[in-house]
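Each reported figure results from applying straightforward, stated rules to the coordinates on display, with no laboratory input. This is a predicted model, so every value here is computed, not measured. Here the Cβ positions follow ideal geometry from the backbone for every residue, glycine too, while neighbour counts run over all protein chains shown.
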Amino acid sequence: MAISDKIKALKEIKVKCFNRARHHSIKRKKLKRIDDIIGVVSSTLNATSIALVIVGFTMPPFLIVSAICSGVDFILCQVITKYDIKTKHIQHQNTNREYSDLVRELSIVLLKNNMTSEQYDRYLEEVSDKISMIENYEI
């Protein structure tokens with residue numbers, strides 16, 4: 001394989017890694033937004049439940065509404081625990097960072113452009129190993 005073909009292969013790998021990094025960035029932002037919204041709703045339900053318990057001492061029907069708020073908050077907490085949104089968010093963030101680092105490294109190597117054919121072969125192997133490691137931990 002000629003050096004120009006190896007450079008072309010590295011450029012293709014760089015584009016694929018960039019697209020994967022962008023994909024994980026989008027997923028990370030979406031999961032972060034969901035996690036933030038659930039956190040705000042849960043806090044609001046807790047505060048409302050406490051306020052309704054206090055008001056419920058004078059007007060008993062508010063105790064029922066307080067219990068409903070507590071129940072909905074409990075369900076939200078179980079959803080957070082079941083789907084583990086926070087961990088998925090962190091995993092997408094780490095994967096995005098790994099791919100972005102690899103894209104940056106590939107850009108530097110492509111800009112240097114002073115490697116021999118054997119060095120390109122070793123570097124292609126190294127990049128392949130790095131991608132395999134990233135894919136092992138990818139969601």
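Using the Cα atoms of the stretch 34-109 to build a convex hull, what is its mean projected area in square nanometres?
Seen from a random direction, the Cα hull of the stretch 34-109 projects 5.7 nm² on average.
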Original post:
With charges only on Cβ, +1 for K and R and -1 for D and E, what is the dipole size of the chain about its Cα centre, in debye, rounded to 20?
Top reply: 460
Original post:
For the stretch 45-51, what does the Karplus curve 6.51 cos²θ - 1.76 cosθ + 1.60, with θ = phi - 60°, yield as ³J(HN,Hα) per residue in whole Hz, taken in order and with x for Gly and Pro?
Top reply: 5, 4, 4, 5, 4, 5, 4
**OP:** Give a residue-ordered list of calculated ³J(HN,Hα) values for the stretch 59-73 (Karplus: 6.51 cos²θ - 1.76 cosθ + 1.60, θ = phi - 60°; whole Hz; x for Gly, Pro).
**Re:** 10, x, x, 5, 5, 5, 5, 4, 5, 5, 4, 5, x, 5, 4
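Would you calculate, for the chain, the mean residue ellipticity at 222 nm contributed by helices, counting each DSSP H stretch of 4 or more residues as -39,500 (n - 2.57) and dividing by all residues, to the nearest 500? Each step should come with its number before you reach the end.
Details: 4 runs with 126 residues, N = 139.
Helix contribution divided over all residues of the chain: -33000 deg cm²/dmol.
Of LYS14/LYS82; LYS88/LYS130; LYS14/LYS112, which sit over 24 Å apart, Cα to Cα?
Going by Cα-Cα distance, LYS14/LYS82 fall outside the 24 Å limit.
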**OP:** May I ask for the angle, rounded to the nearest 10°, between helix 117-137 and the longest principal axis of the chain, with both axes built from Cα atoms and the value confined to 0 to 90°?
**Re:** 20
**OP:** Please work out which option in (i) 1.51; (ii) 0.99; (iii) 1.74 gives Cα Rg over 2.2 N^0.38 Å calculated from these coordinates, and answer with its label.
**Re:** (iii)
Subject >> Angle in degrees between helix 85-112 and the longest Cα principal axis of the chain, rounded to the nearest 10 >> reply: 20
